[in-house]
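The values are calculated or read from the model by the stated rules, or taken from the named source; none is laboratory data. Just so it is clear, the model here is predicted, and its values are computed rather than measured. No Cβ is skipped: glycine too gets one built from the backbone with ideal geometry, and neighbour counts run over all protein chains shown.
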Amino acid sequence: MLYAETGAVKGILIGDMGLDAAGKPKPGHTPGMELHGKYTLFAEGCRGHLGKRLIAHFSLDRGVEPQHYGLGIKEIWKVPAGQHHEGLVVHTAGWPLSESGSTGGGFLYHIEDQQVAVGLITDLAYENPYVNPFEEFQRFKHHPVIKQVLTGGQRLVYGARAITKGGLQSQPKMHFPGGLLLGDNAGTLNFAKIKGTHTAMKSGMIAAEVVVRAIAENREQDDLAEFGHSYRTSWAWNELHVQRNFGPAIHKWGPFLGGAYAFLDINLCNGKLPWTLSDSVADHALLRRAADCKAIEYPKPDGVISFDRLSSVYLSNTNHEEDQPCHLKLASPDLPIAKNLPEFAEPAQRYCPAGVYEVLVAEDGSPKFQINAQNCVHCKTCDIKDPLQNITWVAPEGGGGPNYPNM
């Protein structure tokens with residue numbers, strides 16, 4: 001971000017192109033440019049790295065609960081014609097996550113051209129550091145209801161992305177001097193429906209109206225507090241208010257009792273019960289010590305329905321220039337081995353759905369933490385779930401990352 005002398009945001013600085021791994025210019029290096037604006041609108045999606053900094057810089061989350069997240073892993077398959085029913089939607093809850101004491105849910109959408117989208121969302125509030133969301137997804141596909149659709153099909157695309165699920169209780173203030181946070185940068189997803197495009201678009205429409213009016217009045221880099229009022233009186237805010245207790249209920253009482261409460265609250269009472277449930281512990285803080293948890297042994301992939309992480313990353317069309325600065329920043333390079341390994345069995349090895357993090361054995365026999373940044377599919381899970389909050393995801397060199405077709 002770029003700040004004016006008044007402290008307001010006045011624009012952004014885009015990253016350099018053509019730096020080597022040590023941060024030194026390579027041939028063809030292009031320095032980053034400053035982009036100035038009367039107002040800067042940030043719509044980076046879930047756990048935006050600029051949004052994260054803005055929330056901290058302006059204390060936008062003062063008085064609200066921590067944001068909560070889920071990790072969605074998704075594949076697109078082409079299946080035999082007899083197993084395809086275009087328009088059919090299947091949602092699931094419970095298994096296989098319930099066996100590890102975790103929560104979340106799966107989906108199977110029959111889309112066009114004999115294709116299906118299959119996926120599993122793992123709630124990142126899980127406590128057992130041995131939980132592996134990628135492996136849970138592989139197990140999920142072996143459920144008879146899912147497997148009967150995929151059998152004989154071809155896996156086309158793989159991807160993963162974190163989603164926000166804290167609801168209004170976790171939503172930061174969206175306006176600050178010189179700009180606005182929009183969409184899932186502020187957590188506008190309706191988690192009860194796992195839908196957020198419409199609410200994100202509405203926040204953008206409100207922003208457009210507010211910013212145009214401010215510019216017409218010759219106001220620059222103000223704190224657009226009127227956005228807050230317009231947003232709170234919109235149908236988007238009202239929709240999120242109706243479902244505000246869904247996530248906390250699932251966390252408190254599990255998918256079945258919590259789901260029953262949510263049905264009563266949302267469907268029968270339209271969100272008008274006179275209380276709001278609290279969910280005040282951040283996802284990363286819920287992870288228990290490995291010594292207090294049971295290790296989980298996952299079945300090996302069969303190469304037909306279930307697969308390994310590296311072959312999956314290949315289908316995400318992920319590419320990063322190898323000789324560039326690592327975009328996964330460690331506040332302390334020592335913590336993964338000194339703290340996370342003995343206390344939590346270094347969970348980054350498991351929560352990452354792309355095999356980015358490994359614990360290897362060095363020549364002297366000591367453990368070594370390795371980051372395979374080229375594999376990163378930009379899901380942001382490491383930034384969210386690291387128990388010591390030691391990892392920060394930042395944008396890599398322009399053009400790097402996954403390239404999802406039809407996702």
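Within the range 14-61, which residues are of a type in the set (S, T, Y) and surrounded by fewer than 18 Cβ atoms within 10 Å (Cβ to Cβ)?
Within the range 14-61, T30, S59 qualify.
Could you tell me whether V118 is over 23 Å from E358 (Cα atoms), of a type in the set (A, V, I, L, M) and in a helix (DSSP H, G or I)?
Criteria not met by V118.
Anything in the range 311-328 that is at pLDDT 95 or above and exposed (fewer than 15 other Cβ atoms within 10 Å of the Cβ)? List them, or say none.
Result: S311, Y314.
Looking at E363, E346, which is the one that is in a loop (DSSP other than H, G, I, E, B), crowded, with 17+ Cβ neighbours inside 10 Å and acidic (D, E)? Write out each step before concluding.
Working: E363 fails: crowded, with 17+ Cβ neighbours inside 10 Å.
Of the residues listed, the single one that is in a loop (DSSP other than H, G, I, E, B), crowded, with 17+ Cβ neighbours inside 10 Å and acidic (D, E) is E346.
Taking the condition of being of a type in the set (A, V, I, L, M, F, W, C) and either without any contact (Cβ under 8 Å) to a residue 24 or more places away in the chain or assigned to a helix (DSSP H, G or I) (or both), how many residues in the range 50-69 meet it?
So in the range 50-69, the residues of a type in the set (A, V, I, L, M, F, W, C) come out as 50, 54-56, 58, 60, 64.
Okay, now just the ones that are also either without any contact (Cβ under 8 Å) to a residue 24 or more places away in the chain or assigned to a helix (DSSP H, G or I) (or both), so 50, 54-56.
Count: 4.
Restricting attention to helices (runs of 4 or more DSSP H) lying wholly within the range 190-254, give those where 3 or more residues are of a type in the set (V, I, T) and within 16 Å of A43 (Cβ to Cβ).
Details: elements: 197-216, 225-232, 235-242.
Because the criterion is at least 3 residues that are of a type in the set (V, I, T) and within 16 Å of A43 (Cβ to Cβ), the helices (runs of 4 or more DSSP H) in the range 190-254 that meet it are 197-216.
Would you say A93 is farther than 19 Å from K385 by Cα, within 17 Å of the chain's Cα centre (by Cα) and surrounded by 14 or more Cβ atoms within 10 Å (Cβ to Cβ)?
It is false that A93 is farther than 19 Å from K385 by Cα, within 17 Å of the chain's Cα centre (by Cα) and surrounded by 14 or more Cβ atoms within 10 Å (Cβ to Cβ).
Based on what the data block shows, is S306 surrounded by 15 or more Cβ atoms within 10 Å (Cβ to Cβ), of a type in the set (S, T, N, Q) and not in a loop (DSSP other than H, G, I, E, B)?
For S306, the condition - surrounded by 15 or more Cβ atoms within 10 Å (Cβ to Cβ), of a type in the set (S, T, N, Q) and not in a loop (DSSP other than H, G, I, E, B) - is not met.
Give the residues of the range 1-43 that are under 17 Å from G178 (Cα atoms) and in a loop (DSSP other than H, G, I, E, B), sorted by residue number.
Answer for the range 1-43, where residues must be under 17 Å from G178 (Cα atoms) and in a loop (DSSP other than H, G, I, E, B): M1, A4, E5, T6, G7, A8, G37, K38, Y39, A43.
Any chance you could count how many residues in the range 236-265 are of a type outside the set (G, A, S), modelled with pLDDT under 95, surrounded by fewer than 20 Cβ atoms within 10 Å (Cβ to Cβ) and more than 30 Å from C382 (Cβ to Cβ)?
5
Filter the range 137-186 for residues that are free of Cβ contacts under 8 Å to residues at least 60 places away in the same chain and either under 30 Å from E112 (Cβ atoms) or of a type in the set (S, T, N, Q) (or both) and give the result.
Listed by number, the residues that qualify are F140, H143, P144, V145, I146.
Residue by residue through the range 322-356, note down the ones that are within 26 Å of G72 (Cα to Cα), in contact with an Asp or Glu (Cβ under 9 Å, 6 or more places away or on another chain) and in contact (Cβ under 8 Å) with a residue 60 or more places away in the chain.
Within the range 322-356, H327, L328, P347, R350, Y351 meet the criteria.
Could you say which residue among G72, G18 is closer than 24 Å to T151 by Cβ, small (G, A, S) and either without any contact (Cβ under 8 Å) to a residue 24 or more places away in the chain or out of contact with any Asp or Glu (no Cβ under 7 Å at 6 or more places or on another chain) (or both)? So that I can check it myself, show each step before the final result.
Details: G18 fails: closer than 24 Å to T151 by Cβ.
It is G72.
Could you figure out which of (1) closer than 30 Å to L388 by Cα; (2) surrounded by 17 or more Cβ atoms within 10 Å (Cβ to Cβ); (3) at pLDDT 95 or above isn't true of I296?
(2)
Find the residue count for the range 329-343, including only residues that are farther than 13 Å from L287 by Cα and buried (at least 20 other Cβ atoms within 10 Å of the Cβ).
Residues meeting the conditions: 1.
Suppose we keep only residues that are surrounded by 13 or more Cβ atoms within 10 Å (Cβ to Cβ) and in contact (Cβ under 8 Å) with a residue 40 or more places away in the chain within the range 204-218. Which one would you say is farthest from Y39 (Cα to Cα)?
Here the answer is G204.
Can you tell me which condition I371 does not meet? The list is (1) at pLDDT 95 or above; (2) within 17 Å of the chain's Cα centre (by Cα), and all the others hold.
(2)
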